[in-house]
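The values are calculated or read from the model by the stated rules, or taken from the named source; none is laboratory data. Note that the structure is predicted; figures quoted are calculated from it, not measured. All Cβ positions, glycine included, derive from the backbone under ideal geometry; neighbour counts span all protein chains shown. Note: areas computed on protein heavy atoms with side chains; ligands, DNA, RNA excluded. Shrake-Rupley method; radii C 1.70, N 1.55, O 1.52, S 1.80 Å.
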Number of protein chains: 2
Amino acid sequence: MNASMNDLILESELRKDPVIGRWVIVAGGRSQRPNPFRNYSTAIKNDQPCPFCPGREAMTPPEVLVYRSQGEGPAEAAWEVRVVPNKYPALRIEGALDKKGEGLYDRMRGVGAHEVVIETAVHDSDPPRYSARQMVDVINAYRDRMTDLARDTRFRYVLVFKNHGGAAGASLEHPHSQIIALPVVPVRTENELAGAGRYFDYRGRCIYCDILAQEIADTRRLVAQNTDFVAFAPYASRFPFEVNILPRHHDAFFWMLTRHQMEGLAEILQDVLRRLKLALSDPPYNYMIHTAPPGFPHTERYHWQMEVIPKLTEVAGFEWGSGFFINPTPPEEAARHLRELERVMDVPEGHLLANPAP
Amino acid sequence: MNASMNDLILESELRKDPVIGRWVIVAGGRSQRPNPFRNYSTAIKNDQPCPFCPGREAMTPPEVLVYRSQGEGPAEAAWEVRVVPNKYPALRIEGALDKKGEGLYDRMRGVGAHEVVIETAVHDSDPPRYSARQMVDVINAYRDRMTDLARDTRFRYVLVFKNHGGAAGASLEHPHSQIIALPVVPVRTENELAGAGRYFDYRGRCIYCDILAQEIADTRRLVAQNTDFVAFAPYASRFPFEVNILPRHHDAFFWMLTRHQMEGLAEILQDVLRRLKLALSDPPYNYMIHTAPPGFPHTERYHWQMEVIPKLTEVAGFEWGSGFFINPTPPEEAARHLRELERVMDVPEGHLLANPAP
């Protein structure tokens, strides 16, 4: 997932697990690659010039999107957010999918898009320290790229995610996130659509809307709220301090966000990340956006959301092999701890819980 | 999953994700636990006396199974393998499940079993260095405990797994593996049963038997073979150097193993672990046994197997959030590299590939 891994990937293919149906991106032929048996170190290396810093724009492929500051004079051309194709993409934008079988196995060419969102020009920053406007710009960039990529009918899903810190999979320190457009719908999304669909068939309501109502009424797992969003520790959290952010307004697609909602999302996301940073001493973390696939027709059955996962524990093969998780920190405790930080945080207005729990 | 995590778990419960149906073991009330916001370090600490070493048997709960050496004199009482309840169990053996709802959520008490298999009396050893007989004893202990636990009708699944190395989730250095009896079938197993069931409905054959036949004929992903087992890198490997070990003889249940098959499994497992140790400089790894749940009636539709996963890459939130994996090392290359170690290994007879690939 990180650039050092991608060094190895030149022509990739998608392969489907024949039993459980999970697709995997597998790197291509050996001949093109330097050393497939390298040390898979995850330390972030800082001895190279940062390719994401201003003045080194030529080190990345040409940008597909850029937001510039509105200032005057020499600052006129300065960028605030850049989106560029990944120099070492896991998937290639060119060509047809070329689906075929190989005995009982299924494969297709690694067609897709892999882009990097350079979130700020400031090398030594992170989302909790962005200005509110900067965070809105980052979310706007996600939205703009997702809508653009969703127009390509070869792509069945567009994933937006961020790896912060080496242990969470980041390979460069400069704040960035990633966008991957896939020719298949990921199995996790399929499972969510199926589960939410079954609930809708049975109850005639969106399961996420019901979860939201229950969490707001219960209060024990709430982390933060504002006009448009609610952040809470999910009832069946797999990991300590996992946080979900759900929009109050039902929408299946992330890209339906209004400008006002974008501001609300920026605010609550910064708030959540600031709390996690304080509570857990700047932990590595990942966040990702869950949205319905482009063209998904049953929009009443799915509700987009964001998931934030601090990386605190090593995941053992037990979890990989079973899909079963042991979480040592009950979400009620994690939420209480994150809520209590209210008192020590320099919290801008609007971050305060509307309904603080007892 | 490791003992340091389990320090925190006193009274746990099982909670079900309301959308995707995944069960999670969540730790219990805060009052009983010292510090839920501790540093989740995964380093193995060696400054304490090892509770798994001979002479310190009183540091563990009383054993539920022990194999002793057949020697004479003072060595008569020496143990070769001990199985003890986990001192800090994720699940408790006592009581009823007490299933209930909580609004739209489902939960039950954390009833189950959590045992530790102390694989050898030798602190500073690991499976590649065990005698063949020692490895057979370990597998026999897995089998004996699984059959015993499967008799408890509250338990729907028994998981056997090993975490080797701190990065793979181990918290003690002394070689050990773990057994967890669960009151629910893990989602991964459900997915395997469903996928293999669909294939059987369509083709009338076991999908794993077909995979075995294709892998043997193809040869590119083979790692090792013997009379009863085949080890290969799976076609859609999620991780570099992932290896599956399948019995040639179709059985749904691991515990159907004959003594001869146990010897074959011990041999091929040691062989695979030795190759991984050589190829990847003693990497952290996990292995686990996949078997049909006790009482599963459609035995022609499932085929037990072992999965070995070296821990080489950090797993990013991308993978957690999507179920989508990027594997930088094609399984064909991983398998070739593991096969080629044949030449440099001190390979006992029977480890040699029957069908070496070109």
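What separates the A:ALA132 label point from its copies, with the point 7 Å along Cα to Cβ, is 7.3 nm, written shortest first.
Residues whose amide H lies under 5 Å from that of B:TRP23, counting only those 5 or more places away or on a different chain, are B:ASP17, B:VAL187; hydrogens are built 1.01 Å from N in the peptide plane.
The chymotrypsin sites (Phe, Trp or Tyr not before Pro) of the range A:190-247 include none that meets both conditions, a loop assignment by DSSP and at most 15 other Cβ atoms within 10 Å of the site Cβ. Buried accessible surface for the A/B pair, both sides summed and rounded to the nearest 100, is 8400 Å² with a 1.4 Å probe.
Here the Karplus curve 6.51 cos²θ - 1.76 cosθ + 1.60, taken at θ = phi - 60°, turns the phi angles of the range A:95-100 into couplings of x, 8, 6, 6, 5, 7 Hz, with x standing for Gly and Pro. Going by accessible surface with a 1.4 Å probe and the largest first, A:HIS164, B:HIS260 read B:HIS260, A:HIS164.
Applying 1/(1 + (r/R0)^6) with R0 = 25 Å to the Cβ-Cβ distance of A:ARG154 and B:ARG203 gives a FRET efficiency near 0.25. With all protein chains in place and ligands, DNA and RNA left out, the 1.4 Å accessible area ranks A:ASP251, A:ASP47 as A:ASP47, A:ASP251, largest first. With θ taken as phi - 60° and the Karplus curve 6.51 cos²θ - 1.76 cosθ + 1.60 applied, the whole-hertz 3J(HN,Hα) list for the range A:201-218 is 4, 7, 10, x, 9, 6, 5, 6, 4, 5, 4, 4, 4, 5, 5, 5, 6, 6 Hz, x standing for glycine and proline. Remark on the range B:208-251: accessible area falls by at least 30 square angstrom from chain-alone to full-complex state for B:ILE211, B:GLN214, B:TYR235, B:ALA236, B:ARG238, probe 1.4 angstrom.
Distances from B:ASP282 to itself in the other copies, using label points 7 Å out along the Cα-Cβ axis, amount to 3.3 nm in increasing order.
For the peptide B:327-340, the mean number of other protein chain Cβ atoms found within 10 angstrom of a residue's Cβ is 5. Residues whose amide H comes within less than 5 Å of that of A:HIS176, counting only those at least five positions distant or on another chain, are A:GLU119 (H built at 1.01 Å from N in the peptide plane). Accessible surface for B:VAL185 stands near 20 Å², nearest 10, in the context of the full protein assembly shown (1.4 Å probe).
The relative contact order of the range A:140-291, computed from alpha carbon pairs under 8 Å that lie at least 6 residues apart in sequence, is 26 percent.
For a paramagnetic label modelled at 7 Å from the Cα of B:GLU342 toward its Cβ, which residues of the range B:203-221 fall within the zone defined by backbone nitrogen distances under 16 Å? B:216-221, by backbone N distance to the label point.
Report the FRET efficiency, 1/(1 + (r/R0)^6), for B:GLU63 and B:GLU300, where r is their Cβ-Cβ distance and R0 is 35 Å, rounded to 0.05. With R0 = 35 Å, the Cβ-Cβ based efficiency is 0.40. In chain B, the beta carbon lying closest to the axis that superposes B onto A belongs to the residue given here with its whole-angstrom distance, B:VAL315, 3.
With a simple spin-label model that places each label point 7 Å from the Cα along the Cα-to-Cβ direction, the separation between B:CYS53 and A:THR258 comes to 6.8 nm. Rounded, prolate or oblate: which fits the range A:179-221, taking a ≥ b ≥ c as square roots of the Cα gyration tensor eigenvalues, rounded meaning a/c under 1.5, else prolate when a/b beats b/c? Taking the square roots of the gyration eigenvalues as a ≥ b ≥ c, the range A:179-221 is oblate. Each copy carries a label point for B:ASP218 at 7 Å from Cα along the beta-carbon vector; from one copy to the others these points are 4.4 nm apart, nearest first. The label point for A:VAL122 and the one for B:SER131, both projected 7 Å from the Cα toward the Cβ, are 6.6 nm apart. Kindly flag which residue pairs out of B:LYS16/B:LYS162; A:LYS16/B:LYS162; A:LYS100/A:LYS162; B:LYS87/B:LYS162 have an alpha-carbon separation exceeding 21 Å in this structure. The pairs that break the limit, which is 21 Å between Cα atoms, are B:LYS16/B:LYS162; A:LYS16/B:LYS162; A:LYS100/A:LYS162.
Here's how it looks for A:GLU80: its modeled amide H is under 5 Å from those of A:TYR67, A:ARG68, A:SER69, which are all 5 or more places away or on a different chain.
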